[in-house]
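Inspection log for the structure reproduced underneath, given as structure tokens.
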């Protein structure tokens, strides 16, 4: 997949590629794994999501790439890819930010961030103020151990795409 210019059109292509790959996985999932698949979708933003995206745009920790994402994508739920991969809705991100505040990311150029996603094993994905994406080393963000997994949101989304493709083709989780 091409890298930016990151835009709603880029996100639409990203969503289509993953949806096609997940469709192939789901079609044989129960036969392969012995149980039915869970929810696996990239939900297009609806009116409520776009309202939350506009509210997100007023956040101090907000950045343009995530605003563009939330104006197009409501949420990412890939329950059966590896341990799972989830990008939370703008409303969920805002609610968590209001409830728990920002997350301290030691050793980062932008040491404050917000939780935007998770995997099914309890690890969290945090976007820092500059747009880089970090993964917690444990399920507890207050322990403050993070690894940068992407310099920006488009790189993170491409990493998800490659991980989904690898999982569908080989059964091995990608590099998330």
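Brief remarks follow.
- Residue identified as in contact (Cβ under 8 Å) with a residue 12 or more places away in the chain, out of contact with any strand residue (DSSP E or B) (no Cβ under 8 Å at 6 or more places or on another chain), assigned to a loop (DSSP other than H, G, I, E, B) and surrounded by fewer than 19 Cβ atoms within 10 Å (Cβ to Cβ) among 121, 131: 121
- Residue 43 being closer than 15 Å to residue 157 by Cα, at pLDDT 95 or above and surrounded by fewer than 20 Cβ atoms within 10 Å (Cβ to Cβ): yes
- Residue 8 vs. criteria closer than 21 Å to residue 88 by Cβ, surrounded by 15 or more Cβ atoms within 10 Å (Cβ to Cβ) and either without any contact (Cβ under 8 Å) to a residue 12 or more places away in the chain or in contact with a helix residue (DSSP H, G or I) (Cβ under 8 Å, 6 or more places away or on another chain) (or both): no
So that you can scan it fast, the table gives a plain yes or no per residue for (1) in contact with a strand residue (DSSP E or B) (Cβ under 7 Å, 6 or more places away or on another chain); (2) assigned to a helix (DSSP H, G or I):
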residue	(1), (2)
14	no, yes
21	no, yes
36	no, no
41	yes, no
69	no, yes
74	yes, no
83	yes, no
92	no, yes
97	yes, yes
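- Enumeration of residues in region 156-167 that are touching a helix residue (DSSP H, G or I) at 6+ places or on another chain (Cβ under 8 Å) and either within 19 Å of residue 127 (Cα to Cα) or outside any helix (DSSP H, G or I) (or both): 157, 158, 160, 161
- Selected residue (only one of 15, 91, 54 is surrounded by 17 or more Cβ atoms within 10 Å (Cβ to Cβ), over 20 Å from residue 159 (Cβ atoms) and in contact with a helix residue (DSSP H, G or I) (Cβ under 9 Å, 6 or more places away or on another chain)): 91
- Pairs, first closer than 12 Å to residue 44 by Cβ in region 59-84, second surrounded by 17 or more Cβ atoms within 10 Å (Cβ to Cβ) and at pLDDT below 90, C-beta under 6 Å, six or more apart: 70/53; 70/56; 71/53
- Counting only residues that are assigned to a loop (DSSP other than H, G, I, E, B) and over 16 Å from residue 100 (Cβ atoms), region 139-155 holds 3 of them.
- Considering residues of region 47-67 that are in contact with a strand residue (DSSP E or B) (Cβ under 7 Å, 6 or more places away or on another chain) and closer than 13 Å to residue 87 by Cβ only, the residue modelled with the highest pLDDT: 49
The values are calculated or read from the model by the stated rules, or taken from the named source; none is laboratory data. Predicted model only: the values in this text are computed from it and were never measured. With ideal geometry, Cβ positions are generated from the backbone for all residues, glycine too; neighbour counts draw on all protein chains shown.
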